[in-house]
Every structure is written in C-alpha cells, then in structure tokens.
1. Inside region 191-204, can you point out the residues that are outside any loop (DSSP other than H, G, I, E, B) and either basic (Lys, Arg) or crowded, with 21+ Cβ neighbours inside 10 Å (or both)?
2. Looking at this structure, is Ser135 without any contact (Cβ under 8 Å) to a residue 40 or more places away in the chain, within 16 Å of ligand 4 (Cβ to nearest atom) and not aromatic (Phe, Trp, Tyr)?
3. Restricting to region 127-141, and then to whatever is in a helix (DSSP H, G or I) and open to solvent by 20 Å² or more (accessible area, probe 1.4 Å), can you tell me which residue is nearest to ligand 3 (Cβ to nearest atom)?
4. Just to be sure, is Phe74 within 30 Å of Asn261 (Cα to Cα) and modelled with pLDDT under 80?
5. Within region 151-185, which residues are within 16 Å of ligand 4 (Cβ to nearest atom) and open to solvent by less than 70 Å² (accessible area, probe 1.4 Å)?
6. Tell me which residues, restricted to region 91-102, are over 21 Å from Cys134 (Cα atoms) and either open to solvent by 80 Å² or more (accessible area, probe 1.4 Å) or touching a Ser or Thr at 6+ places or on another chain (Cβ under 9 Å) (or both).
7. Would you pick out the residues in region 87-111 that are in a loop (DSSP other than H, G, I, E, B), away from ligand 4 (no atom under 16 Å from the Cβ) and modelled with pLDDT of 80 or more?
8. Yes or no: Asp188 out of contact with any Pro (no Cβ under 8 Å at 6 or more places or on another chain), surrounded by fewer than 20 Cβ atoms within 10 Å (Cβ to Cβ) and under 15 Å from Phe137 (Cβ atoms)?
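The values are calculated or read from the model by the stated rules, or taken from the named source; none is laboratory data. What you see is a predicted model; the values in this text were computed from it and never measured. Because the Cβ atoms are built from the backbone with ideal geometry, glycine has one as well, and the counts that use them run over all protein chains shown. Ligands, DNA and RNA are excluded from the accessible area calculation, which covers all protein heavy atoms including side chains. Shrake-Rupley method; radii C 1.70, N 1.55, O 1.52, S 1.80 Å.
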Amino acid sequence: MTVLVHFGIIFVGVLGLLQPATADLKLNFYAKSCPKAEKIVLDYVSKHIPNAPSLAAALLRMNFHDCFVSGGPFWRVPTGRRDGLISNASEALANIPAPTSNFSTLQTDFANKGLDLKDLVVLSGAHTIGVSHCSSFSNRLYNFTGVGDQDRALDSEYATNLKARKCKSLSDNTTIVEMDPGSVRTFDLSYYTLLLKRRPLFQSDAALTTTSTTKTYITQLVPGTLKNFYAEFAISMEKMGRVGVKTGSSGEIRKHCAVVNS
Ligand SMILES: *[C@@H]1O[C@H](CO)[C@@H](O)[C@H](O)[C@H]1NC(C)=O
Ligand SMILES: *[C@@H]1O[C@H](CO)[C@@H](O)[C@H](O)[C@H]1NC(C)=O
Ligand SMILES: *[C@@H]1O[C@H](CO)[C@@H](O)[C@H](O)[C@H]1NC(C)=O
Ligand SMILES: *[C@@H]1O[C@H](CO)[C@@H](O)[C@H](O)[C@H]1NC(C)=O
C-alpha cells in the first residue's frame, strides 16, 4: 500500500518500538512488523488536525527536525527513519531557515540540503497555513536597518495596519499574526498572491521575489491549478524528506521522539 497522507502528518516516533527489517527508507516499511502502523498514525492525525489546525503548520515545520514526516496536500511518505544520537536545540535551530534570512542565505541553506530554488519557492508555500509571533518580523515594521525604519519591500498600507492592530511595538513577542490572512486554514495559492502584493510577513518570504528565477516560479504557480501546486509541493516534500535520513543501524530508535535514549 502506498501511504497517501491528506493534509496529515505521520509521526514516526510512535513507531519507535518496531524493529526495522531492512536498511532502506521505503514505502510501507512496517508492512511485516506492524501492518497497521501507518494506518494508526494516519487515523490519529486525521482525528486531531481538524480540532487544531495550527497543529498542521507546526508539524509541517517539524519536518525540518527530522522527527516527523509530514503529508501535505497529498504525498507518499516512505518510512523507516531512525533517530539521531544527538538532541541539540541550538544545532536544530541553526538548520532551520530563519524568518529573517535574505535570499543568499536561503539559497545556501537549501543547497546545503540538496534543495534547489524551486524547492525553496514551493516549500515556502507551506506559509499558506499557520501563524507567527510578531517577534519574527517586527524588525521589518520598526527597525529594519537599525535606524528605526520600515522595510521598504513591505507594502506600506499593510505595514501600517499591522502596527496599528497587531504588532504595536518592536518588543511585542506574544501577539500572533496569521501568515496568510483570510485563508489561514486553507492550503491554497493565496500565499503566493500575497508575495506579489508585497504582503508576506517574513523577510525570507519577501526574498523570494527579489530574484528573477524565484519570481518566475511564483508567477507560474499563481495562475496555475491547486492540483499543480500540490503536485509540486509533494515532489519537494519527498525530496526534503530524504535529506539526512538515518536508516539501517545508524542512529537509534527513540523511546520518546524528543529525547535521545538514556
Ligand atoms: C550544540 O551545538 C552547538 C552548535 O553546533 C555547539 O556549539 C554546542 O556545544 C552543542 N551543545 C551540546 C550540549 O552538545
Ligand atoms: C545575507 O545575510 C547574511 C547573514 O546575515 C549576510 O552575511 C549577507 O551579507 C547578506 N547578503 C546580502 C546580499 O545582503
Ligand atoms: C534599532 O536597531 C539598532 C541597531 O541594531 C539598535 O541600536 C537600536 O537600539 C534599535 N532600536 C530599537 C528601538 O530597538
Ligand atoms: C517576551 O518579552 C518579555 C519582556 O521583554 C520577556 O520578559 C520575555 O521573556 C519574552 N518572552 C519570550 C518568549 O521571549
């Protein structure tokens, strides 16, 4: 069976008690040792995501931590990942693209993981769902270059609105803002429309419209179908899902996903 995850996430950690049979990542890795494993996980996720839509965004983000494997629109999730022997928060954070990253940093970070500019544009589309704290972008509103200025790449009407209604000061670290206002729960193309209107929250989003290569990908996605976006997203997610994966006898199988076995 091919696992098709619809807007759900497979939590590999719960499979930790199972012994892998071979050394490769593959579809339905647990077919023999626990035939129902993938269904159990899928059922759990399907049941809980509707109650907590913000969980989808959080879990999608977790994909960068190699702890969860996420399903988006629709994609196949090969299983059989093992866990790392090191659990280091600062190291994990250093590997996640920061919301303040500029284009060259994003390009380098992605290239270091074997991901190209198309993957960057397509995976950034995950910002169609979810929310952000003001602290991830308030420098764009209040102190972009360190002289109390606003990021000129940000639509000024939108910036004024954010300052008046949401992030009322540079130091606000509690208010939450929707990344794709109006359709924050829908995995659609409106994130890209907002990019072209100069209305994304993060500098790392705005960076995508600063080079012709990435801007072309965006202008091709926007008038396209959702089906096309989902297909592209699936390709890049599968590609990302294979980055730095441990299989066979490397790493370990954690009893608790978040911590190295003692
Ligand atoms: C975590 O990783 C950082 C960056 O690589 C390193 O400086 C630090 O010593 C590590 N901490 C532990 C506890 O291993
Ligand atoms: C991008 O950001 C990095 C890290 O902050 C910085 O070293 C680099 O100079 C920046 N590049 C450009 C073109 O601004
Ligand atoms: C703006 O940034 C500059 C340079 O980092 C800093 O010196 C200044 O204190 C910041 N302003 C505010 C209001 O935080
Ligand atoms: C938020 O800001 C307050 C006041 O500046 C500070 O005490 C608190 O630790 C900050 N919280 C986080 C999560 O950074």
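1. Listed by number, the residues that qualify are Tyr191, Tyr192, Leu194, Leu195, Gln203, Ser204.
2. Yes: the conditions hold for Ser135.
3. In this case the residue turns out to be Asn139.
4. no
5. Cys167, Ser169, Asp172, Thr175, Val177
6. Glu91
7. Scanning region 87-111 gives Pro97, Ser101, Asn102.
8. Taking the combined requirement at face value, the residue does not satisfy it.
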